[in-house]
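> Input: one structure, supplied below.
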Amino acid sequence: MSLKSLIVAGIALLAAETYLIRLAGVRPGNRLSITERTQTLLSDAATVLLLAVAAASALFEGAHFAGLARVLGVAFALFLAWRRAPPIAVILGGASGTSFTWPFTRKPDFSSTRCDAR
């Protein structure tokens with residue numbers, strides 16, 4: 001099998017799985033009665049999970065701390081979102097906040113400098 005056919009097969013498999021998951025959610029959903037409180041808890045749980053993933057992505061790059069510039073950029077984007085700025089302003093504000101603070105928050109790399117003592 002070539003690489004192209006493997007990619008197409010993977011896309012088809014993911015599409016079929018997505019359809020089956022949606023179908024599995026609709027079929028029992030018609031028979032189950034979920035209270036309003038349970039629906040609220042499930043909605044809140046999804047929000048908490050999304051925020052946890054966003055916080056981990058904002059703070060870490062792999063297994064290491066991402067740096068203060070990224071944290072400050074995310075904090076500025078959160079501030080803009082809290083002030084109900086348009087989504088494009090939040091995205092551009094977070095990116096520009098990160099890029100403007102990066103030169104001031106990074107550690108200097110002295111491994112590439114040469115010091116010839118004569």
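> Name every residue in the stretch 72-89 that is over 19 Å from Ala56 (Cα atoms) and assigned to a helix (DSSP H, G or I), in order of residue number.
Leu80, Trp82, Pro87, Ile88, Ala89
> Another question, then. Condition (residue is surrounded by 11 or more Cβ atoms within 10 Å (Cβ to Cβ), in contact with a helix residue (DSSP H, G or I) (Cβ under 7 Å, 6 or more places away or on another chain) and in a helix (DSSP H, G or I)) applied to the stretch 8-17: is it met by at least one residue?
Checked the stretch 8-17: no residue is surrounded by 11 or more Cβ atoms within 10 Å (Cβ to Cβ), in contact with a helix residue (DSSP H, G or I) (Cβ under 7 Å, 6 or more places away or on another chain) and in a helix (DSSP H, G or I).
> Right, another one. Of the residues in the stretch 79-96, how many are surrounded by 15 or more Cβ atoms within 10 Å (Cβ to Cβ) and under 17 Å from the mean Cα position of the chain (by Cα)?
The number of residues fulfilling the criteria is 4.
> While we're on this one: I'd like the full set of residues that are modelled with pLDDT of 85 or more and either of a type in the set (A, V, I, L, M) or in contact with a Leu (Cβ under 7 Å, 6 or more places away or on another chain) (or both), limited to the stretch 26-45.
Selection gives Leu41, Ala45.
> Being touching a residue at least 12 places away in the same chain (Cβ under 8 Å), under 24 Å from the mean Cα position of the chain (by Cα) and surrounded by 10 or more Cβ atoms within 10 Å (Cβ to Cβ) narrows it down to one of Leu72, Leu41, Leu50, so name that one.
Leu72
The values are calculated or read from the model by the stated rules, or taken from the named source; none is laboratory data. Because the structure is a prediction, the values reported are computed rather than measured. With ideal geometry, Cβ positions are generated from the backbone for all residues, glycine too; neighbour counts draw on all protein chains shown.
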